[in-house]
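Report on one structure; see the data block that follows.
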Amino acid sequence: MDSFTHETRELFDEGGYANSWETGKNNADCLHHILGRVSNSPYNAAPLNNFKDHQPEGRKGLPAISSPEVREKYLQRTKRYLDSIGYEPTEEDKEFLQKYKSFFNKN
């Protein structure tokens, strides 16, 4: 998988890409593949600050970015965000949501 598409980046730019999913601060400068590069679906994207939120040395005192609880938190936050802006999932997005539905079906 390559990087996210321009269209995916624009989805997050328009609605607050600058706000990190981890801290809520206006300092996000990258989109992170939440479950790794298994998909470039917007549902697999989380805006983060590359050093403070994404790199291990910046996450002191926080769970690892690859931990199940962090992945679940980011996936659910991304889905809520995309729903809130009225994003219509593509077929690829629907396949991603179906494949990883266990992350989305929790309260």
- [ ] Select from region 69-94 the residues that are closer than 14 Å to Ile34 by Cβ and either surrounded by 16 or more Cβ atoms within 10 Å (Cβ to Cβ) or in contact with a helix residue (DSSP H, G or I) (Cβ under 7 Å, 6 or more places away or on another chain) (or both) and list them in ascending order.
- [x] Val70, Arg71, Glu72, Lys73, Tyr74, Leu75, Gln76, Thr78, Lys79, Tyr81, Leu82, Asp93
TODO: Restrict the check to region 41-61 and report whether at least one residue is over 10 Å from the mean Cα position of the chain (by Cα) and in contact (Cβ under 8 Å) with a residue 40 or more places away in the chain.
DONE: no
Open item on the list: List pairs: first residue in region 65-82 and touching a residue at least 60 places away in the same chain (Cβ under 8 Å) and hydroxyl-bearing (Ser, Thr, Tyr), second residue surrounded by fewer than 19 Cβ atoms within 10 Å (Cβ to Cβ) and assigned to a loop (DSSP other than H, G, I, E, B) anywhere in the structure, Cβ distance under 9 angstrom, at least six positions apart or on different chains.
Closed with: Tyr81/Gly15; Tyr81/Gly16; Tyr81/Tyr87
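A short reminder: the numbers here are calculations on the coordinates, not readings from a lab. Just so you know, these numbers come straight off a predicted model, no measurement behind them. Reconstructed Cβ throughout: ideal geometry from the backbone, glycine too, with neighbour counts over all protein chains shown.
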